[in-house]
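Written out below as C-alpha coordinates is the structure these notes cover.
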Amino acid sequence: MGISQIITLVVAILLIGFILWWFFGKHTETVGIANVGQGSQEADIVVKGGYSPSTIVLKQGVPAKVNFDMQDSTACLSHVVFEQLGVDKDLTKQKVTTVDIPTDKKGTYNFACGMDMFHGKVIVK
(Lines give C-alpha, C1' and ligand atoms only; values in the text may rest on other atoms or scores of the structure.)
Protein backbone atom coordinates (compact mmCIF):
# COMPACT_ATOMS: atom_id res chain seq x y z
CA MET A 1 0.00 0.00 0.00
CA GLY A 2 1.54 3.31 -1.14
CA ILE A 3 1.60 6.62 0.74
CA SER A 4 -1.08 8.14 -1.52
CA GLN A 5 -3.44 5.26 -0.75
CA ILE A 6 -2.85 5.66 2.99
CA ILE A 7 -3.53 9.40 2.81
CA THR A 8 -6.71 8.77 0.78
CA LEU A 9 -7.88 6.18 3.32
CA VAL A 10 -7.25 8.52 6.30
CA VAL A 11 -9.06 11.42 4.59
CA ALA A 12 -12.02 9.14 3.73
CA ILE A 13 -12.28 7.91 7.34
CA LEU A 14 -12.15 11.49 8.67
CA LEU A 15 -14.81 12.59 6.19
CA ILE A 16 -17.10 9.71 7.13
CA GLY A 17 -16.62 10.57 10.82
CA PHE A 18 -17.52 14.21 10.18
CA ILE A 19 -20.66 13.27 8.23
CA LEU A 20 -21.79 10.92 11.01
CA TRP A 21 -21.21 13.63 13.63
CA TRP A 22 -23.04 16.25 11.51
CA PHE A 23 -26.17 14.18 11.00
CA PHE A 24 -26.30 11.97 14.09
CA GLY A 25 -24.25 13.77 16.74
CA LYS A 26 -25.83 15.44 19.73
CA HIS A 27 -25.63 19.17 19.16
CA THR A 28 -26.34 21.75 21.84
CA GLU A 29 -29.45 23.82 21.42
CA THR A 30 -29.56 27.44 22.47
CA VAL A 31 -32.77 28.79 24.01
CA GLY A 32 -33.79 32.44 24.14
CA ILE A 33 -36.64 34.11 25.98
CA ALA A 34 -38.50 37.05 24.50
CA ASN A 35 -38.26 40.54 26.00
CA VAL A 36 -41.72 41.48 27.29
CA GLY A 37 -42.74 45.09 27.74
CA GLN A 38 -45.43 47.64 26.87
CA GLY A 39 -47.99 44.92 26.09
CA SER A 40 -45.89 43.08 23.51
CA GLN A 41 -42.85 40.84 23.30
CA GLU A 42 -39.94 40.55 20.89
CA ALA A 43 -37.15 38.06 20.36
CA ASP A 44 -34.10 38.27 18.13
CA ILE A 45 -32.55 35.41 16.18
CA VAL A 46 -29.17 35.82 14.48
CA VAL A 47 -28.94 34.00 11.15
CA LYS A 48 -25.28 33.08 10.74
CA GLY A 49 -24.38 29.51 9.87
CA GLY A 50 -27.72 28.50 11.43
CA TYR A 51 -30.09 30.11 13.92
CA SER A 52 -28.93 31.49 17.25
CA PRO A 53 -30.77 30.95 19.47
CA SER A 54 -32.49 28.06 17.73
CA THR A 55 -35.38 28.01 20.23
CA ILE A 56 -37.40 31.00 21.44
CA VAL A 57 -39.87 30.88 24.33
CA LEU A 58 -42.83 33.30 24.21
CA LYS A 59 -45.50 34.11 26.78
CA GLN A 60 -49.04 33.11 25.84
CA GLY A 61 -51.53 35.92 25.22
CA VAL A 62 -48.96 38.67 24.61
CA PRO A 63 -48.54 39.82 20.96
CA ALA A 64 -45.15 38.63 19.70
CA LYS A 65 -42.62 39.40 17.00
CA VAL A 66 -39.52 37.39 16.15
CA ASN A 67 -36.77 39.36 14.40
CA PHE A 68 -34.38 37.47 12.11
CA ASP A 69 -31.06 39.34 11.86
CA MET A 70 -29.47 38.14 8.60
CA GLN A 71 -25.66 37.97 8.92
CA ASP A 72 -25.00 35.15 6.45
CA SER A 73 -24.97 35.13 2.65
CA THR A 74 -25.58 31.37 2.36
CA ALA A 75 -28.34 30.67 -0.16
CA CYS A 76 -29.89 28.02 2.06
CA LEU A 77 -30.44 30.51 4.90
CA SER A 78 -31.87 33.23 2.63
CA HIS A 79 -35.44 32.20 3.52
CA VAL A 80 -37.17 31.29 6.77
CA VAL A 81 -40.24 29.07 6.54
CA PHE A 82 -42.90 28.57 9.22
CA GLU A 83 -44.94 25.87 7.48
CA GLN A 84 -47.63 25.76 10.20
CA LEU A 85 -48.19 29.52 9.86
CA GLY A 86 -47.95 29.67 6.07
CA VAL A 87 -44.95 32.03 6.32
CA ASP A 88 -42.06 32.03 3.82
CA LYS A 89 -39.95 35.18 4.23
CA ASP A 90 -36.97 36.24 2.14
CA LEU A 91 -34.32 37.36 4.64
CA THR A 92 -32.09 39.02 2.03
CA LYS A 93 -34.39 41.97 1.32
CA GLN A 94 -33.48 43.74 4.57
CA LYS A 95 -31.01 43.24 7.41
CA VAL A 96 -33.72 42.39 9.97
CA THR A 97 -36.94 40.62 8.97
CA THR A 98 -39.84 40.42 11.44
CA VAL A 99 -42.32 37.55 11.70
CA ASP A 100 -45.50 37.93 13.77
CA ILE A 101 -46.20 34.85 15.91
CA PRO A 102 -49.72 34.09 17.18
CA THR A 103 -49.75 33.63 20.95
CA ASP A 104 -53.45 33.02 21.55
CA LYS A 105 -52.81 29.36 22.42
CA LYS A 106 -49.92 27.27 23.72
CA GLY A 107 -47.93 25.35 21.16
CA THR A 108 -44.74 24.96 19.18
CA TYR A 109 -44.09 26.53 15.78
CA ASN A 110 -41.20 24.94 13.92
CA PHE A 111 -39.23 26.91 11.35
CA ALA A 112 -36.51 26.02 8.88
CA CYS A 113 -34.40 27.46 6.12
CA GLY A 114 -35.66 27.31 2.55
CA MET A 115 -33.89 23.97 1.96
CA ASP A 116 -35.07 22.48 5.29
CA MET A 117 -31.48 21.91 6.46
CA PHE A 118 -31.37 24.30 9.44
CA HIS A 119 -34.17 24.23 12.00
CA GLY A 120 -35.50 26.09 14.99
CA LYS A 121 -38.71 26.49 16.95
CA VAL A 122 -40.83 29.03 18.76
CA ILE A 123 -42.57 27.75 21.88
CA VAL A 124 -45.60 29.58 23.26
CA LYS A 125 -46.06 28.81 27.00
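The values are calculated or read from the model by the stated rules, or taken from the named source; none is laboratory data. Because the structure is predicted, anything quoted here is derived from the model rather than measured. Positions of Cβ are generated from backbone atoms using ideal geometry, with glycine treated the same way; all protein chains shown enter the neighbour counts.
What to note about this one:
- Screening Val31 on (1) of a type in the set (A, V, I, L, M); (2) closer than 19 Å to Asn110 by Cβ; (3) modelled with pLDDT of 85 or more shows it passes everything except condition (3).
- Residue in segment 58-78 that is of a type outside the set (A, V, I, L, M), in contact (Cβ under 8 Å) with a residue 40 or more places away in the chain, surrounded by 18 or more Cβ atoms within 10 Å (Cβ to Cβ) and at negative phi present: no
Each row is one residue, and each column tells you yes or no for (1) assigned to a loop (DSSP other than H, G, I, E, B); (2) in contact with a helix residue (DSSP H, G or I) (Cβ under 8 Å, 6 or more places away or on another chain); (3) modelled with pLDDT under 95; (4) small (Gly, Ala, Ser).
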{"position": "Val66", "(1), (2), (3), (4)": "no, no, no, no"}
{"position": "Ser73", "(1), (2), (3), (4)": "yes, no, yes, yes"}
{"position": "Thr92", "(1), (2), (3), (4)": "yes, yes, yes, no"}
{"position": "Tyr109", "(1), (2), (3), (4)": "no, yes, no, no"}
{"position": "Met117", "(1), (2), (3), (4)": "yes, yes, yes, no"}
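- Filter result (under 8 Å from the mean Cα position of the chain (by Cα) and within 13 Å of Leu58 (Cα to Cα)) within segment 100-125: Lys121
- A Cβ distance below 8 Å, combined with a sequence gap of six or more or placement on separate chains, defines the contacts here; from segment 96-112, residues that are of a type in the set (S, T, N, Q) reach residues that are in a loop (DSSP other than H, G, I, E, B) in the pairs Thr97/Leu91; Thr103/Lys59; Thr103/Gln60; Thr103/Gly61; Thr103/Val62; Thr103/Pro63.
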